[in-house]
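Input: a single structure, listed below in structure tokens.
The values are calculated or read from the model by the stated rules, or taken from the named source; none is laboratory data. Here the structure is a predicted model, which means the values were calculated and not measured. Backbone-built Cβ (ideal geometry, glycine too); neighbour counts: all protein chains shown.
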Amino acid sequence: MITVPGEYCPLCGTDLDRVTVEGRERRHCPGCDRVVRQNSKPVASVVVTDGSRVLLGKRAVEPNRGLWGTPGGNLEHDEPPAAGVARELREETGVRVDPDDLDLYRVDHATREGRSVVGIRYVVPRAATDGEPEARDETLAARFDTLDGFRDDGGISPWSRDLLTAVLE
Ligand SMILES: [Zn+2]
């Protein structure tokens, strides 16, 4: 499985050709005689709420460096989504949560940087988390604030705006 259109087989490196399967043109490896499917990339994020405030991290890395975003990111291949988002929350803000305390909020879909992305979004109240937010490796800062507060302090990542508005309305 690949998340961008591939030219070579990820297993054996042979040039891929094209076949029609289930009514769609798909890439096929003549070496392995297998269809190489292109799939969406799964990502997960969490909105930690404290009344009208939310926990965001100011991104230290591209894309959207310098903007505030919801903690989250790519899932490891062997990682359940709730466990992955708890890991990302800890890595980006220092705040800990038991994956079992996360509530699934929605599953959405978008195209980002040419890739099809399926977003798995969780919410959790601050009272169910442990620890005070602080900057970590991938964040310049992390704190609870209102959306207006984050807008006045550099702005909110376009990838998080829609979700945050939906959660807080
Ligand atoms: Zn192959």
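Out of the range 36-55, which residues are among the hydroxyl-bearing types (Ser, Thr, Tyr) and over 17 Å from Gly73 (Cβ atoms)? I'd like the intermediate steps shown before the answer.
Looking only at the range 36-55, we keep the residues that are among the hydroxyl-bearing types (Ser, Thr, Tyr), and these are 40, 45, 49, 52.
Thr49, Ser52, listed by residue number.
Give all pairs with beta carbons closer than 8 Å in which a residue from the range 1-29 that is under 16 Å from Asn39 (Cα atoms) and among the basic types (Lys, Arg) meets a residue that is modelled with pLDDT under 90 and within 12 Å of the ligand (Cβ to nearest atom); count only pairs at least 6 apart in sequence or on separate chains.
Close Cβ pairs (under 8 Å, with a partner that is modelled with pLDDT under 90 and within 12 Å of the ligand (Cβ to nearest atom)) amount to Arg27/Gly6.
Among Phe144, Phe150, which is the only one that is under 15 Å from Gly66 (Cα atoms) and among the aromatic types (Phe, Trp, Tyr)? It would help to see each step written out before you state the result.
Numbers: Phe144 fails: under 15 Å from Gly66 (Cα atoms).
On inspection, the qualifying residue turns out to be Phe150.
In the range 112-140, what count of residues is obtained for those that are at pLDDT 90 or above and either under 13 Å from the mean Cα position of the chain (by Cα) or under 30 Å from Arg37 (Cβ atoms) (or both)?
Residues of the range 112-140 at pLDDT 90 or above: 116-136, 139-140.
Filter again for either under 13 Å from the mean Cα position of the chain (by Cα) or under 30 Å from Arg37 (Cβ atoms) (or both), leaving 116-122.
Count: 7.
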